[in-house]
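**Q** Okay, here's the structure, questions in a sec.
What follows is calculated from the coordinates using simple rules that are stated; it is not laboratory data. No experiment lies behind these values; they were computed from the predicted model shown. Cβ: placed from backbone, ideal geometry, glycine included. Neighbour counts: every protein chain shown.
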Amino acid sequence: MNFTLSSLEDAKAALNRLSKFDIQLRNASGTDSVPSYEEFCAAFPELGIFQPAWDSLNDDLNTPEALGHVFSAIKKADIPSLSPEEATRLRNAFHFILAAFGIILPEEGQEKAPEEVRTLADQRWQAKQNRDWTEADRLRAEVAALGWIIKDRKDGYDLARK
């Protein structure tokens with residue numbers, strides 16, 4: 001194996017993508033709990049969009065292909081359209097696959113944006129909704145000057161430390 005700082009950053013970014021997906025599923029399902037490894041062993045979950053990843057793992061432990069399927073599934077998942085029950089099933093399948101890989105997601109970001117930053121970000125989102133691009137850009141620059149980045153989504157935004 002060849003270690004580089006770049007590959008370490010790539011791995012960190014991949015874990016963050018997995019973690020954000022899990023947070024979105026947790027919010028959509030309305031529950032914090034997921035089955036334990038023992039519960040997964042007792043009752044195999046319905047894998048849905050993660051079935052190709054499981055099939056790849058069962059094909060001579062083809063982990064590169066399986067990981068590719070995991071990230072493809074995450075990309076095409078339409079979480080806002082899921083009912084809480086569907087989100088729970090998808091989250092259980094996701095955690096089953098993570099357990100098969102031995103992946104432990106990092107705890108949700110310990111550092112929350114300060115109230116001032118959240119207020120500016122909310123104002124920016126409102127300006128963006130009102131199509132006031134000049135004000136939205138100005139507010140984004142203010143948030144950036146405070147050391148935070150705004151990452152837009154279809155239905156809102158995320159704040160991350162620079």
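**Q** Test of understanding: express the Cα radius of gyration of the chain as a ratio to 2.2 N^0.38 Å, with N the residue count.
**A** 1.22
**Q** Near residue 123, within a Cβ-to-Cβ distance under 15 Å, what is the net charge of the other residues, with Lys and Arg +1 and Asp and Glu -1?
**A** Its environment carries a net charge of -2.
**Q** Go ahead and estimate [θ] at 222 nm for the chain from helices alone: -39,500 (n - 2.57) per DSSP H run with n ≥ 4, summed, over the residue count, rounded to 500.
**A** -20000 deg cm²/dmol
**Q** Report the Cα-based extents of segment 37-133 along its three principal axes, largest first, to the nearest Å.
**A** 53, 28, 28
**Q** Using the Karplus equation 6.51 cos²θ - 1.76 cosθ + 1.60 (θ = phi - 60°), what ³J(HN,Hα) coupling, rounded to whole Hz, does each residue of segment 117-129 give in order, writing x for Gly and Pro?
**A** Using θ = phi - 60°, the values come out as 5, 4, 5, 4, 5, 5, 4, 5, 4, 5, 4, 5, 5 Hz.
**Q** Next question, about the same structure. Roughly how compact is segment 72-128, stated as its Cα Rg over 2.2 N^0.38 Å to two decimals?
**A** Values: Rg = 16.4 Å, N = 57, 2.2 N^0.38 = 10.2 Å.
In units of the 2.2 N^0.38 Å rule of thumb, it is 1.60.
**Q** Quote to one decimal, in nm, the extra length available between residue 86 and residue 129 on full extension: 0.36 nm per residue of separation minus the C-alpha distance between them. Don't jump to the answer; show the numbers that get you there.
**A** Details: separation 43, 0.36 × 43 = 15.48 nm, distance 2.97 nm.
Answer, rounded to one decimal: 12.5 nm.
**Q** Cα convex hull of segment 1-71: mean projected area in nm², to one decimal?
**A** The number I arrive at for segment 1-71 is 6.3 nm².
**Q** Search the structure for amide H atoms under 5 Å from the amide H of residue 148, placed 1.01 Å from N in the peptide plane, and list their residues when 5 or more places away or on another chain.
**A** The list, which skips near neighbours in sequence, is 162.
**Q** Here's another thing I want to ask about it. What is the Cα convex hull volume of segment 89-162 when expressed per residue in Å³?
**A** For segment 89-162, the hull spanned by Cα atoms encloses 115 Å³ per residue.
**Q** Through the Karplus equation 6.51 cos²θ - 1.76 cosθ + 1.60, θ set to phi - 60°, convert the phi angles of segment 16-33 into ³J(HN,Hα) values in whole Hz; use x for Gly and Pro.
**A** Here the 3J(HN,Hα) series is 5, 4, 4, 5, 5, 4, 4, 4, 4, 5, 4, 5, 5, 7, x, 9, 8, 7 Hz.
**Q** Taking the simple approach of a point 7 Å from Cα along Cα-to-Cβ for both residue 99 and residue 160, what is their distance in nm?
**A** 2.9
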